[in-house]
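Sharing a structure with you now.
The values are calculated or read from the model by the stated rules, or taken from the named source; none is laboratory data. All values reported here derive from a predicted model rather than from experimental measurement. Here the Cβ positions follow ideal geometry from the backbone for every residue, glycine too, while neighbour counts run over all protein chains shown. Surface accessibility is based on the protein's heavy atoms, side chains included, excluding ligands, DNA and RNA. Shrake-Rupley method; radii C 1.70, N 1.55, O 1.52, S 1.80 Å.
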Amino acid sequence: MLADIELSQTDPVDELSRIFWGILTPDLSQTEDLIATIATTLCFALVAICLSAIVGLAISPFHHLWWVNGICTFVRSIHELFWALIFLQIFGLSSLTGVLAIALPYAGTFARVYRDILDQGSVDFNQAFCGRVSGVSKWLYGGVAQCWPALTRYTRYRFECGLRSATVLGFIGLPTIGYYLETAFSQGLYHQAGGLLLLFYGVIATIKYWLKAMLIPVYLVLAILYLPWKLSIEWQYIWRFISEDIVPSPLRSTLIDWQEWHSWWVDVAQQVFNGGWATLMLSFAALLLSAVLTLILWPLASKAICRRGYMVGHGLLIVLRSTPELIIAFMVMLVIGPSMLPAIIALALHNSAIIAYLLARTADQLPLRHDKSSGLNLWAYELQPRIYPSFIAFLCYRFEIILRESAMLGILGVTTLGFYIDSAFEAMFFDVAMMLILASALLNMIVSYCASRLNRSRQLFG
Amino acid sequence: MKEAQPTVKFELSAQDIGYAGHPVLAGVSLTITPGESVAIVGVSGSGKSSLLNTLYQQQPNEVALCPQHSMLVTSLSVYHNIYMGQLQHHSFFYNLANLVKPLKSPWQQVFKLAQLLGLADKIKVSVDKLSGGQQQRTAIARTLYQQKTIFIGDEPFSNIDPVQGVNLLKLIKSRHQTVIVALHNHQMALEHFDRIIAIGAGKIVYDCPSEQLTSQQLLTIYQSSPVHACD
Amino acid sequence: MMKSIFFIVCAWLLVFGANATTFTFTAIPDQDETQLNTRFGKVAEYLSQQLNVDVRYVPVKSYSAAITAFRNNQVQLAWFGGLSGVKARHLVPNSVAIAQGYEDQFFKSYFIAHHSTGFKLAGQLPLNIADSSFTFGSKGSTSGRLMPEYFLRQRFNQPPNKIFNRVGFSGDHSRTIALVQSGAWQVGVVNYAVWEQELASGKIDLNKVNVIWTTPTYPDYQWTIRGDVEQRFGKRFIERVTDALLTMDDPDLLKSFPRQKFVPATNADYDSVKQVAKAIKLL
């Protein structure tokens, strides 16, 4: 086995019981600015999703051009957290930093997925146009109008992802719910962490009740008004970042020391190869486990299979996919010790819960015959085979994300590319960080190219 | 199946069929007794499928259903699709094992059935690689494998040539006491069914033994104002 | 309702509302990161009274974010750790360290180990801790990373990832303690003040985790101010800020850091930290 998995003897009972007791007896009275925190989280997600959905939709017709595809893959292969750290250098701690950090990679994702949805939906429809119809109207009527339900369904799902991303941005200091969650959790204040987690689950679970299409413009205006935009863009910082910070340090002085230049490269190359290898191992293992867990999890949230009991499965999936991986990894590590294994388990639990949610939704929309079987037979013989193409497609989509989320798990002593990028940012070596980001983007692009070759099926969002 | 007492199997009296508030068929009254073979004819969208579904709901445990859109699981093999006719007779783990690798006894049964339907050479092929006619035969095989007393089929022969269709119908009739089929092929309806129910314009146009009908009379239901062909 | 709206507005002004005439500072205390706004809001109030200018506190979570804010002049004064202060002053010419905590003159770290390892308190770092699993605190921490790494390299003549069979970064001192106490990691290193505080509050079970070595002392947290503040806030402003910090004697304010009092500091006090950071390639 190439991946680093190892079990160690631990006695986690005390700490785990403290965590579970904390979640069972949540207490939010010690959290300051609770309302403002939730409002900011929602506003970041809403503004970022609206922005990225519009940009993504506008780009989607050109996504087949290799360079558009390349740029999209590049921007989405960088974790929101790293985008935030980059924008932090330029815009400081401002709303723009938070919104752009989410909107940029999401626009790349939207462009790709919108394109996929439109491609599936409009194949037959385009043949129905006769005579001269302008490209734009063809795209609007034949594509967008035709696929509107699938587009909105996907966008709505991304809003949930946006909330998670906004939360994660709190880990570096933007005033979202993650800011307090991370603090409470790392300081062992589990009552408060539990309260915040439950609150976050609640927000996610109720999205469908308050996120109504009609209200989105209203929410958007409120969000834009609420977020403070007062900001003076200091061009000198942007220039400094481009002309100085990200230039490899040995090249900054006029006299280039070749010795130093050589050792800089050796250092970076070592991190790229070590990190790249660990990242690939971790991601493949997490992908495999995700696939297995998804098979088990999605039927639990399917109405067709579990009937009324699906609410339980649904709740389980919300908990699994809304708990930051870092927290899952921490709890698993308490039990089995540090290695790649807690990272694999955390990534797999999180991602399989997301795929399971999407699959259950897809499966419940399939037409079934009147004499269908029920329960597990229905799962094994009818639904699973029929949603198999979506299952594979979702796994491929998520693989990209697993690759980039592996960055978050340096706590386990697993030296992924993300671990090195994080270290470089922490040490403010932006030149090294940039090189590593380029490397991880390249890795991501290679993987996503291979995945798209493998993934021939086009019946995704049925 | 011999000497079954002719008790009423299906009974509808002045029933509206279709969606609540928007019945596709209004005031339907009919009875079907065991042993009958009934053809249901009518233009597309006249409500044949709704009527069949209503009948199916009356005896779900005794009916082998062959729906219009055969709704096969196209990524599974012909074997597995046919086997699905008997899923509920086995435990889940038996079924699961059979999904991974076909088990001996069901394989033999299904293989025999597939031979009868001319599918033996395709038995391991996944359904999405079959022609429309082969898919329909697979759907019929699945229905036969349920081994019920009543067969309800919704245009089960629409993609199959008439000669083969007749052979299949004979096979179906030999294995079911009661056969109810929605059809477009009026020749087949006249020659191979005891009774023909014609629907159109939101109601039953006529319901009579096939020997009382001529091909000409039967065709009137495809005209703009269908007339009663018999009393 | 009005009250909560007012509260929200205030919170936002605190975070983003700093304008050109506002003197802004940030602080990441080494323990208890909760309720930063409330606690440091009081410090801002105190400074405002002493300096006669508008003073705001900006909460920042990571060391690198704090350094960035300082570098981009979003904050002019910061309560930095040893390493982050050195880094900030390296990036912002003319910035100076003006005060440190009394305790920071002789700060230290504790190496701690899970009881199953059998390591006992010793005058020297035991050589047989090699080949165990080892966790630092946060990557940019002086007491949880920089100085311990320096002492490890001195003792073993090798980088940590060669000494131990696994090296992690827990991200936080409290978490380091929790992880070593649970046995997930065998050995770890923490800020001594956090250890003492958690010990006092009963979070530590000495049957499970114990101190095995105390590092030599080194300078740690300090106040660093940008050199260009005098252009905006007038001559002698740095001196006035320094005075205000050194004369701060309200225990309630000092508790936020938490330090007994502040004492004068200079850039030169941190030369040792700077040398170590350079040696370990963190600068």
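Going by the structure shown, is A:THR25 outside the structural domain of A:GLU182 (by TED's automatic domain parsing), out of contact with any strand residue (DSSP E or B) (no Cβ under 6 Å at 6 or more places or on another chain), under 30 Å from C:GLY183 (Cα atoms) and open to solvent by less than 60 Å² (accessible area, probe 1.4 Å)?
Considered against the rule, which asks whether it is outside the structural domain of A:GLU182 (by TED's automatic domain parsing), out of contact with any strand residue (DSSP E or B) (no Cβ under 6 Å at 6 or more places or on another chain), under 30 Å from C:GLY183 (Cα atoms) and open to solvent by less than 60 Å² (accessible area, probe 1.4 Å), A:THR25 comes out as no.
Residues that are more than 11 Å from chain A (Cβ to nearest Cβ): which strands (runs of 3 or more DSSP E) entirely in the stretch B:3-118 hold 3 or more of them?
Correct list: B:10-19, B:22-32, B:37-41.
Go through A:LEU199, A:LEU225 for me and flag whichever is surrounded by 11 or more Cβ atoms within 10 Å (Cβ to Cβ) and either on the phi < 0 side of the Ramachandran plot or among the small types (Gly, Ala, Ser) (or both).
Unique residue meeting the criteria: A:LEU199.
With more than 9 Å from chain A (Cβ to nearest Cβ), within 21 Å of the chain's Cα centre (by Cα) and not aromatic (Phe, Trp, Tyr) as the only criterion, which of C:ASP30, C:ASP54 stands out?
Only one candidate passes the filter, namely C:ASP30.
Would you confirm whether any residue within the stretch C:232-248 is within 16 Å of C:PHE80 (Cβ to Cβ) and aromatic (Phe, Trp, Tyr)?
no
Among the residues of the stretch A:84-97, are any away from every other protein chain (no Cβ under 11 Å) and modelled with pLDDT of 90 or more?
no
Can you tell me how many residues in the stretch A:363-382 are open to solvent by less than 20 Å² (accessible area, probe 1.4 Å), more than 17 Å from B:ASN98 (Cβ to Cβ) and in contact (Cβ under 8 Å) with a residue 24 or more places away in the chain?
Result for the stretch A:363-382: 1.
Within the stretch C:220-279, can you find the residues that are open to solvent by less than 60 Å² (accessible area, probe 1.4 Å), touching a residue at least 12 places away in the same chain (Cβ under 8 Å) and assigned to a loop (DSSP other than H, G, I, E, B)?
Result: C:ASP220, C:TYR221, C:ARG226, C:GLY227, C:ASP228, C:MET248, C:SER256, C:PHE257, C:PRO258, C:ARG259, C:ALA265.
Give the number of residues within the stretch A:412-422 that are open to solvent by 10 Å² or more (accessible area, probe 1.4 Å) and modelled with pLDDT under 90.
Residues meeting the conditions: 4.
Report every pair of residues separated by at least 6 positions or lying on different chains whose Cβ atoms are under 6 Å apart, first residue within the stretch A:287-308 and under 29 Å from A:SER448 (Cβ atoms), second among the acidic types (Asp, Glu).
A:SER302/A:ASP364
Given the conditions (1) over 25 Å from the mean Cα position of the chain (by Cα); (2) away from every other protein chain (no Cβ under 14 Å); (3) open to solvent by less than 80 Å² (accessible area, probe 1.4 Å), and given that A:GLU32 satisfies all but one, which numbered condition is not satisfied?
(2)
While we're here: Being at pLDDT 90 or above, under 28 Å from A:PRO217 (Cβ atoms) and either hydrophobic (A, V, I, L, M, F, W, C) or open to solvent by 10 Å² or more (accessible area, probe 1.4 Å) (or both) narrows it down to one of A:ILE71, A:ILE38, so name that one.
Going through A:ILE71, A:ILE38 in turn, the sole match is A:ILE38.
So that you can scan it fast, the table gives a plain yes or no per residue for (1) part of a strand (DSSP E or B); (2) without any contact (Cβ under 8 Å) to a residue 60 or more places away in the chain; (3) within 12 Å of chain A (Cβ to nearest Cβ); (4) small (Gly, Ala, Ser):
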{"site": "C:SER64", "(1), (2), (3), (4)": "no, no, yes, yes"}
{"site": "C:PHE70", "(1), (2), (3), (4)": "no, no, yes, no"}
{"site": "C:VAL75", "(1), (2), (3), (4)": "no, yes, yes, no"}
{"site": "C:TRP79", "(1), (2), (3), (4)": "yes, no, no, no"}
{"site": "C:ALA88", "(1), (2), (3), (4)": "no, no, yes, yes"}
{"site": "C:PRO93", "(1), (2), (3), (4)": "no, no, no, no"}
{"site": "C:ILE98", "(1), (2), (3), (4)": "yes, no, no, no"}
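For the stretch A:335-445, give me every one of the helices (runs of 4 or more DSSP H) that falls completely inside it and has 2 or more residues that are within 14 Å of chain C (Cβ to nearest Cβ).
A:340-363, A:417-426
Tell me, yes or no, whether the stretch C:169-176 has at least one residue that is in contact with a strand residue (DSSP E or B) (Cβ under 8 Å, 6 or more places away or on another chain), in a helix (DSSP H, G or I), open to solvent by less than 20 Å² (accessible area, probe 1.4 Å) and not aliphatic (A, V, I, L, M).
Yes.
Filter the stretch C:161-195 down to the residues that are over 22 Å from the mean Cα position of the chain (by Cα), within 15 Å of C:ALA113 (Cβ to Cβ) and not β-branched (Val, Ile, Thr) and list them by number.
Within the stretch C:161-195, C:PHE164, C:ASN165, C:ARG166, C:GLN181, C:SER182, C:GLY183, C:ALA184, C:TRP185, C:GLN186 meet the criteria.
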